Amino acid sequence: IPSISTILILYVSKLNKIVHFPDFDKSIPVKLFPLPLIYVGNHISGLSSTSKLSLPMFTVLRKFTIPLTLLLEIIILGKRYPLSIIVSVFAIILGAFIAAGSDLSFNLEGYTFVLLNDIFTAANGVYTKQKIDPKELGKYGVLFYNACFMVVPTVIISFSTGDFQQATHFQHWTNFLFVFQFVLSCLLGFLLMYSTVLCSHYNSALTTTVVGAIKNISIAYIGMLIGGDYIFSILNFIGLNICMVGGLRYSFLTLRGNSKPTQSGDEDNALPESKC
């Protein structure tokens, strides 16, 4: 549904000359590849992993998206980061491990799916950063054509899992309040995808991933005060604080400009940054 709302919103905006992106031609699938495949893999592995693991371990293993994003940016985009940024990233990972230290249950299937989800998520962020280059498809082109290519696979997956049939037989489609909230959620889904692409456009895939991690940590802090279901443990509290310190340190370095990545060939600029 968010894909359909994305297609409608961007197509109408293009007709009214609010946004601009290339018209479809035979080069579009080549330019967009492999984003649709990565999105499908991300969707399937994400749904498969959530039910296999406890929430603490799921949270820990999802943090591996951050170092994987850093690694893929170095390999695919040829970027380099100073040691201070790398230390901040691994502080977030360390904090997540400490926070979930009391819940080290082992589930091979769950671990496999969530680590696959980490790989697909990291690859999605890095390739999105590559494809939103104005010389390629641009941010609106990536959003629009990726949504177009995802409609058919999403419908097939929905049919195979039975979700489509359940949706068509849902009893509250005549309920105005439900329909209003459903449409609102579709619009918010588009805004979420757009804001994620926009963050990657102005920053880096790594920054987008770290911002998401800081958001999740912030939710954990809020959950300590609101909701009443947070169970305090010293390891969990220490781990959350280490995660937050690592995230804030990364943000500080980014705002100060020390995290500006350099191309692998730009040795003169890369060497001073690595001393940070």
task = Measure off 7 Å from each Cα along the Cα-to-Cβ vector at residue 222 and residue 164, then give the distance between these two points in nanometres to one decimal.
result = 3.5
task = Using +1 at the Cβ of each Lys and Arg and -1 at the Cβ of each Asp and Glu in the range 54-180, identify which of 108, 143, 120 lies farthest towards the dipole's positive end.
result = 143
key: residue 252 paired with residue 175, simple spin-label distance in nm, labels 7 Å along Cα-to-beta-carbon   = 4.8
task = Please give the solvent-accessible surface of residue 156 in Å², to the nearest 10, using a probe radius of 1.4 Å with every protein chain present.
result = 110
Rounded accessible area of residue 118 (nearest 10 Å², 1.4 Å probe) = 0
query = Per residue, what accessible area does the range 70-168 have, given a 1.4 Å probe and all protein chains present, in Å²?
reply = 48
query = How much accessible area does residue 59 have with a 1.4 Å probe, in Å² rounded to the nearest 10?
reply = 60
remark   = Heavy-atom accessible area with a 1.4 angstrom probe orders 136, 73, most exposed first, as 136, 73
key: Residues residue 195 and residue 83, FRET efficiency given R0 of 41 Å [Cβ-Cβ distance, rounded to 0.05]   = 0.85
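The values are calculated or read from the model by the stated rules, or taken from the named source; none is laboratory data. Note that the structure is predicted; figures quoted are calculated from it, not measured. FYI the Cβ positions are ideal-geometry reconstructions off the backbone, even for glycines, and counts take in every protein chain you see. For accessibility, only protein heavy atoms count, side chains too; no ligands or nucleic acids. Shrake-Rupley method; radii C 1.70, N 1.55, O 1.52, S 1.80 Å.
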